[in-house]
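What follows is a set of notes on a single structure, which appears directly below.
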Amino acid sequence: MIMNSMNPSENVISCLQTILDATATGNYDLFLTVGDSDYRVDITKENFDQVSSSLIPRMSEGYTTTYFGHLKQGETQTYLWKLSFADDGHEYIVRMGMKGDKLI
C-alpha cells in the first residue's frame, strides 16, 4: 500500500479559511468571494445565516480542521476536512468542490 499525505495547495487552504472566517463571523459577502457564479446563486443568504448562526457560538470557543484528502470527480477536485470544536461536541465533514481556483 502506498500512502500519500500530500496537503492541498495554498489557494485551497486559503479558500477553506475564508469560508471558515465568514461562517464564524456571519459574513455572507466574504463567504461569496471564493465561489463561482453558480455557488453565489445556489447558497442563499438565508441558507448561510441558518448554518452560520448555529456554528458561530461553537466556532468562537475554538475549532480545528483535519485534512482527509481529495477526490477527482470529472473536472472538479473535491477536498475533505473534519471540523472539530473545542466543546468536544458533534463534528462535521467539510466538503469543498473546486474547479480551477473557485468553489462550485
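The values are calculated or read from the model by the stated rules, or taken from the named source; none is laboratory data. All of these numbers come straight from a predicted model, not from anything done at the bench. No Cβ is skipped: glycine too gets one built from the backbone with ideal geometry, and neighbour counts run over all protein chains shown.
Worth pointing out:
- Looking across region 72-95, the residues that are of a type in the set (S, T, N, Q) and either in contact with a Leu (Cβ under 6 Å, 6 or more places away or on another chain) or within 18 Å of Ser54 (Cβ to Cβ) (or both) come down to Thr78, Ser84.
- Tally, over region 46-72, of residues that are surrounded by 17 or more Cβ atoms within 10 Å (Cβ to Cβ) and among the hydrophobic types (A, V, I, L, M, F, W, C): 3
- The C-beta contact set for region 74-98 (first residue free of Cβ contacts under 8 Å to residues at least 60 places away in the same chain and in a loop (DSSP other than H, G, I, E, B), second residue crowded, with 16+ Cβ neighbours inside 10 Å and among the small types (Gly, Ala, Ser), distance under 7 angstrom, 6+ apart or interchain) comprises Glu91/Ser84.
- Among the residues of region 73-102, the ones that are modelled with pLDDT under 95 and exposed (fewer than 12 other Cβ atoms within 10 Å of the Cβ) come to 4 in all.
- Matching entry among Thr23, Thr65, Thr18 (being under 15 Å from the mean Cα position of the chain (by Cα), among the hydroxyl-bearing types (Ser, Thr, Tyr) and not in a helix (DSSP H, G or I)): Thr65
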